[in-house]
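Colleague: Shown below is the structure under consideration.
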């Protein structure tokens, strides 16, 4: 089969996806497949032929029929068990040159994020920015404020993280154990170090770097979006770094003292119980 014909069909499928508003632009389509937008631009302009790797990723992400692309067999799209394409539509903001900007989601907006995540007006009201460097141009990025102390000493309240969007079709294979992600659920926005058990057991383990917080799990069906933390933005402090480190050292020592005291109390209670039992036996 001529690769030129396959490329033509691939372009037709892309046009269909844009008509159905399942992708917003050629750029978003390319980035969702981890391909450079210029590569896709060359394909649509007839300067390059579509590759098998791009066909494979596009088919898996957007439920495109390989039979249609390779042999022209209708229909153009496959249907999953729910009759929907397994992909996510992520709202983006672009500048005058059609380059994506990083949307910032402050604490005040996180409570309503899930309910309004597909409302373009909600995102237009959010602050957007760019970061120098080529790496932040490959993919869709979003930044989130950090609140609370569950991820200390890695992340502190008042800092924010810049994160790269992870396509749902890649969750089982590309969510890496012990990496830090922002996870959007039906009711919350959390930043955690994860262990990915979606494929085997259908959930993600969420771990805090602060040992005072216990691990918990999130079921796959409860997850709306996942963003991989790529960059941390921290307020600058004139204080020497060892002041903060010294505070944490003191906290660690305090935790160890409390732990030892708890052990001593348990041992003392055990001895008291033994004495009471011995006294009862003597009286009997």
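Colleague: Which one of the conditions (1) surrounded by 13 or more Cβ atoms within 10 Å (Cβ to Cβ); (2) closer than 30 Å to residue 119 by Cα; (3) modelled with pLDDT of 80 or more; (4) more than 25 Å from the chain's Cα centre (by Cα) does residue 78 fail to meet, given that it meets all the rest?
Modeller: (3)
Colleague: As an exercise: evaluate residue 85 against (1) modelled with pLDDT of 90 or more; (2) crowded, with 18+ Cβ neighbours inside 10 Å; (3) outside the structural domain of residue 182 (by TED's automatic domain parsing) and give the number of the one condition it does not meet.
Modeller: Against the list (1) modelled with pLDDT of 90 or more; (2) crowded, with 18+ Cβ neighbours inside 10 Å; (3) outside the structural domain of residue 182 (by TED's automatic domain parsing), residue 85 comes up short only on (1).
Colleague: Of all the residues that make up the stretch 129-143, how many are over 17 Å from the mean Cα position of the chain (by Cα) and in a strand (DSSP E or B)?
Modeller: 1
Colleague: Filter the stretch 187-203 down to the residues that are within 28 Å of residue 129 (Cβ to Cβ) and either touching a helix residue (DSSP H, G or I) at 6+ places or on another chain (Cβ under 6 Å) or outside the structural domain of residue 102 (by TED's automatic domain parsing) (or both) and list them by number.
Modeller: Listed by number, the list holds a single entry, 189.
Colleague: Also, I was wondering about something else. Taking the stretch 144-199 as the region of interest, how many residues are assigned to a loop (DSSP other than H, G, I, E, B), crowded, with 16+ Cβ neighbours inside 10 Å and under 13 Å from the mean Cα position of the chain (by Cα)?
Modeller: Residues meeting the conditions: 2.
Colleague: Every residue in the stretch 99-112 that is farther than 18 Å from residue 165 by Cβ and either in a loop (DSSP other than H, G, I, E, B) or in contact with a strand residue (DSSP E or B) (Cβ under 6 Å, 6 or more places away or on another chain) (or both), please. Can you show your working first?
Modeller: Filtering the stretch 99-112 for residues farther than 18 Å from residue 165 by Cβ gives 106-108, 111-112.
Hits for the stretch 99-112 are 106, 107, 111, 112.
Colleague: How many residues does the stretch 15-28 contain that are closer than 19 Å to residue 47 by Cα and either in contact with a helix residue (DSSP H, G or I) (Cβ under 6 Å, 6 or more places away or on another chain) or outside the structural domain of residue 54 (by TED's automatic domain parsing) (or both)?
Modeller: Number satisfying all stated conditions: 2.
The values are calculated or read from the model by the stated rules, or taken from the named source; none is laboratory data. All values derive from a computational prediction rather than experimental measurement. All Cβ positions, even for glycine, are placed from backbone atoms using ideal geometry, and neighbour counts span all protein chains on display.
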